[in-house]
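Notes follow the structure.
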Amino acid sequence: MPKLPRGVSGAEAVKALERLGFVAVRQRGSHIVMRRGASGCLVPNHREIKTGTLAGVLRQAGVSVEEFSAEL
């Protein structure tokens with residue numbers, strides 16, 4: 001299993017997810033709600049997302065680590 005990338009910011013994560021077809025639906029504070037069809041995820045817009053949090057975001061979105069890493 002590939003390792004999650006380290007040091008990914010919230011903005012970088014949002015851009016990568018947008019390249020995968022997600023759209024930013026709304027934002028409340030520092031949390032951005034992304035949607036693609038029926039699946040969606042909540043991305044914290046922080047300077048650096050912790051690896052456990054990033055893993056949870058990808059699990060919510062239904063995106064593999066390989067797909068995400070390729071779009072960074």
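The values are calculated or read from the model by the stated rules, or taken from the named source; none is laboratory data. Everything numeric in this text was worked out from a predicted model, so none of it was measured. We place every Cβ from the backbone using ideal geometry, glycine too, and count neighbours over all the protein chains shown. These accessible areas exclude ligands, DNA and RNA; they are computed on the full protein's heavy atoms, side chains included. Shrake-Rupley method; radii C 1.70, N 1.55, O 1.52, S 1.80 Å.
Observations
- Measuring max minus min along each principal axis, the C-alpha atoms of the chain give extents of 31, 25, 17 Å (largest first).
- The stretch between Val23 and Ser64, if pulled fully straight at 0.36 nm per residue, gains 13.0 nm over its current Cα-Cα span.
- Counting protein heavy atoms only, the chain has 50 percent of its accessible area on carbon and sulfur, 1.4 angstrom probe.
- For the chain, adding -39500 (n - 2.57) for each run of n ≥ 4 DSSP H residues and dividing by the number of residues yields -11000 deg cm²/dmol at 222 nm.
- Under the combined filter of DSSP loop state and at most 14 neighbouring Cβ atoms within 10 Å, region 23-70 retains these trypsin sites (Lys or Arg not before Pro): Arg47, Lys50.
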